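Have a look at the structure below, then the notes.
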Amino acid sequence: SSAFLAACGSDEAASGGAGGDGVEEMTIKFSHVVAENTPKHQGALAMKEYIEAESDGKIEVEIYPNSSLFGDQEEYQNLVANNVQFIAPDLTKFVGNNPQFNVPALPFMFDNDEEAIAFWDGEKGTEILSSLEADGVLGLKMWPNGGKHLTNNERPIESPDDVKGLKFRTQGGQVLEALYSELGAGSESIPFSELYTALDQGVVDGQENTFSNIESKKFDEVQKYMTVMNHTRVDYAIFTNTEFWEGMNDATREIVEAGVEEGTKVAREEAITLNQEAYDLIKERGETEITELTPEQVEEFRKALEPIYDEFEEEIGADVYEAARKASG
Ligand code: LMR
């Protein structure tokens, strides 16, 4: 039918939709761990809709949210094995592969999404995203979620001292772990799918996350206190399997690549909106007592966490620090 439309000079052919001419039939899987009303899922959904429409349904994109296909501990190896073609993990979950993925955990480095995006779209960021090539994994584009905030069950946290003696769940090790030990607290890395139960059962006292993740997984139901901190971030990148990516013919890859661009655009837009909405919803629900720090209190945390920068400079690199500081203005 596309040849017929093209011959008729239809709008569709003229706009380059081409009805999937030369496009391979395939099913692509996208697996992630968060809920559906999140920037990551909305980005994935936009990507799916674009690719399916542009390929005239020849390419089908299946999205598996909520760790329903693979959780934190399985998604990477299944991408390497090409059992899934796209994942978009929190970058701090890759610190074991390359310590430069600690950048989103550097305390108070970025004030907002825009600064983080500027870093990951820049030369150093792109280099870091490319660093998994030896595993046959290609980092395509950064997708933000947002700044993280502290929740816990013991007490309102207003100063570094209040964190002492508590135990927090982290997404990954290294900088996040060091950050808590710097404050005299303990930490444990726990998969996202097990976090609600871990908080509910007191395996850990608290955790740090974006408003969107806290609200969509109802962590506020099992956490008495939340401090708005914005000290670290959840940032993702969309990763694909290199063999899969390079194995597509040009017509197919063109559509998939444009789909990734569309998903990136939507994920970046939705991150801001969904986090704002989530914060309002958490307030409305009233399950958790919220502390908003004064600029002086934030400064106390900033000072207390300053030693982290020296501790990791060698591992992460002075050049990476410099690029991040430049991006953050
Ligand atoms: C978490 O594990 O808390 C987050 O990294 C989950 C996610 O993908 O946003």
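The values are calculated or read from the model by the stated rules, or taken from the named source; none is laboratory data. Keep in mind that what you see is a predicted model, and the values were worked out from it rather than measured. Reconstructed Cβ throughout: ideal geometry from the backbone, glycine too, with neighbour counts over all protein chains shown.
Things worth noting here:
- Hey, G206 touching a strand residue (DSSP E or B) at 6+ places or on another chain (Cβ under 6 Å) and of a type in the set (G, A, S) or not: yes
- Residue list for the stretch 217-243, restricted to those being closer than 30 Å to M26 by Cβ and either aliphatic (A, V, I, L, M) or within 14 Å of the ligand (Cβ to nearest atom) (or both): D235, Y236, A237, I238, F239
- Test: residue in the stretch 129-139 that is under 24 Å from N275 (Cα atoms), of a type outside the set (D, E) and modelled with pLDDT of 95 or more: no
- Members of the stretch 154-200 found to be within 16 Å of the ligand (Cβ to nearest atom), closer than 21 Å to P99 by Cβ and without any contact (Cβ under 8 Å) to a residue 24 or more places away in the chain, listed by number: E177, Y180, S187, E188, S189, I190
- Filtered residues of the stretch 24-57 (kept if surrounded by 19 or more Cβ atoms within 10 Å (Cβ to Cβ) and assigned to a loop (DSSP other than H, G, I, E, B)): H32, V33, V34, T38, S55
- Entry remark, the stretch 24-65: residues being more than 22 Å from A271 (Cα to Cα) and either hydroxyl-bearing (S, T, Y) or within 16 Å of the ligand (Cβ to nearest atom) (or both) number 2 in total.
- Residue within the stretch 244-254 that is within 30 Å of T27 (Cβ to Cβ) and under 16 Å from the mean Cα position of the chain (by Cα) present: no
- The sole residue among S67, S131 that is surrounded by fewer than 17 Cβ atoms within 10 Å (Cβ to Cβ), in a loop (DSSP other than H, G, I, E, B) and polar (S, T, N, Q) is S131.
- Some residue of the stretch 100-116 being out of contact with any Leu (no Cβ under 8 Å at 6 or more places or on another chain) and within 14 Å of I238 (Cα to Cα): no
- Test: residue in the stretch 73-93 that is modelled with pLDDT under 95, under 16 Å from the mean Cα position of the chain (by Cα) and within 16 Å of the ligand (Cβ to nearest atom): yes
- The set of residues in the stretch 70-86 being in a loop (DSSP other than H, G, I, E, B), surrounded by fewer than 19 Cβ atoms within 10 Å (Cβ to Cβ) and among the hydrophobic types (A, V, I, L, M, F, W, C) consists of A81 alone.
- Any hit, the stretch 284-306, residues being part of a helix (DSSP H, G or I) and either in contact with a Lys or Arg (Cβ under 8 Å, 6 or more places away or on another chain) or under 30 Å from L45 (Cα atoms) (or both): yes
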